[in-house]
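One structure is given below, encoded as structure tokens.
The values are calculated or read from the model by the stated rules, or taken from the named source; none is laboratory data. Everything quoted here is computed from the prediction, not taken from an experiment. Every residue, glycine as well, gets a Cβ built from its backbone with ideal geometry; the counts of neighbours run over all protein chains shown.
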Amino acid sequence: MLTRRKVNEDNGSDDGHYYISISDLMTSLLFIFILILSYVMLSFVKKEDELSQKISKIKQNVKYRGELLQSLQKELKDENISVKIDKENGNMRLKSDVLFKQGSATISVKGKQQIGEIAQLLIVKMIEPKYKRAIDTIFIEGHTDSVPIRVSNKCRSQWSNKELSSQRAINTYSQMSLTTNNKINDLRNKKDKPLFSYSGYADSRQLCNEKEKQLNGATPEEMKLCRSKNRRIEFYFTVNTPNIQKIVEH
């Protein structure tokens with residue numbers, strides 16, 4: 001026990017005795033600590049549960065995306081349209097050699113038919129609730145090989161592969177819109193944002209490394225095959241991802 005001693009009575013003061021129990025103080029502090037720890041633990045468990053739910057949702061969306069790609073590939077095959085899919089990364093690829101002439105962004109007759117079939121099929125698929133919830137954006141991407149092009153343009157003396165790949169992506173979407181009487185433009189994701197976007201990457205995202213092939217002494221035929229893999233139109237399906245950062249920060 002702590003005791004504050006009483007002063008001599010002669011000085012006229014009457015401080016009394018003040019007692020503070022160390023054991024009571026420690027008990028109180030321990031109780032407060034337990035309360036704080038319990039709150040922190042409950043908050044952590046709650047966040048962990050929320051995080052687990054969000055991760056499960058992302059996994060489910062990735063699963064639905066894979067199902068969608070497989071379904072598209074199968075149904076397009078029935079229409080004699082060959083596409084390659086990458087379930088893990090969410091890509092569907094068409095060789096641009098079928099869609100465009102060399103150095104051109106004008107879609108061929110056969111290309112228009114294929115793009116039209118894809119557009120009609122996407123309209124049917126993307127109104128299904130599970131796919132609408134799962135897919136955030138479908139990017140239409142144009143890709144070329146690394147061989148420079150020499151094609152005149154109305155606005156300038158020549159196009160670059162960057163411009164060519166971008167225009168091919170734009171024309172692909174425009175053809176999809178034309179084929180579906182603009183219905184493709186009405187597709188929205190679950191956030192009510194436009195479902196489609198488009199961009200061109202030239203040779204910056206190669207499937208086959210042309211420079212490496214050359215350095216390794218590839219034959220002209222091997223180089224031709226390598227470059228043909230890189231010339232493509234890709235449909236890249238991104239999944240909806242819940243805001244995990246918000247959970248962690250709070």
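Annotations for the structure displayed:
- Qualifying residue in the range 141-162 (condition: within 17 Å of M92 (Cα to Cα), assigned to a helix (DSSP H, G or I) and modelled with pLDDT of 95 or more): no
- Among the criteria (1) farther than 19 Å from S174 by Cβ; (2) part of a loop (DSSP other than H, G, I, E, B), the one S104 does not fulfil is (1).
- Any hit, the range 41-52, residues being loosely packed, with under 13 Cβ neighbours inside 10 Å, at pLDDT 70 or above and of a type in the set (A, V, I, L, M): yes
- Among the residues making up the range 209-226, those that are surrounded by 16 or more Cβ atoms within 10 Å (Cβ to Cβ) and either in a loop (DSSP other than H, G, I, E, B) or modelled with pLDDT of 95 or more (or both) are E210, A218, M223, C226.
- Test: A105 is touching a helix residue (DSSP H, G or I) at 6+ places or on another chain (Cβ under 7 Å) and over 30 Å from E222 (Cβ atoms): no
- Consider the range 56-89 and keep the residues that are in contact (Cβ under 8 Å) with a residue 60 or more places away in the chain and touching a Ser or Thr at 6+ places or on another chain (Cβ under 8 Å). The one that is farthest from F235 (Cα to Cα) is I58.
- Scanning the range 45-75 for residues that are touching a strand residue (DSSP E or B) at 6+ places or on another chain (Cβ under 9 Å) and among the aliphatic types (A, V, I, L, M) yields a count of 5.
- Set I34, I20: member being at pLDDT 70 or above and either basic (K, R) or over 17 Å from F237 (Cα atoms) (or both): I34
- The one condition in (1) at pLDDT 95 or above; (2) among the aliphatic types (A, V, I, L, M); (3) over 18 Å from R93 (Cα atoms) that L122 fails to fulfil: (3)
- Every residue from the range 68-94 that is in a helix (DSSP H, G or I) and over 17 Å from the mean Cα position of the chain (by Cα): Q70, S71, L72, Q73, K74, E75, L76, K77, D78
- Given (1) surrounded by fewer than 16 Cβ atoms within 10 Å (Cβ to Cβ); (2) under 23 Å from the mean Cα position of the chain (by Cα), number of the condition R168 does not satisfy: (1)
- Test: residue in the range 200-208 that is aromatic (F, W, Y), surrounded by 13 or more Cβ atoms within 10 Å (Cβ to Cβ), assigned to a loop (DSSP other than H, G, I, E, B) and more than 23 Å from the chain's Cα centre (by Cα): no
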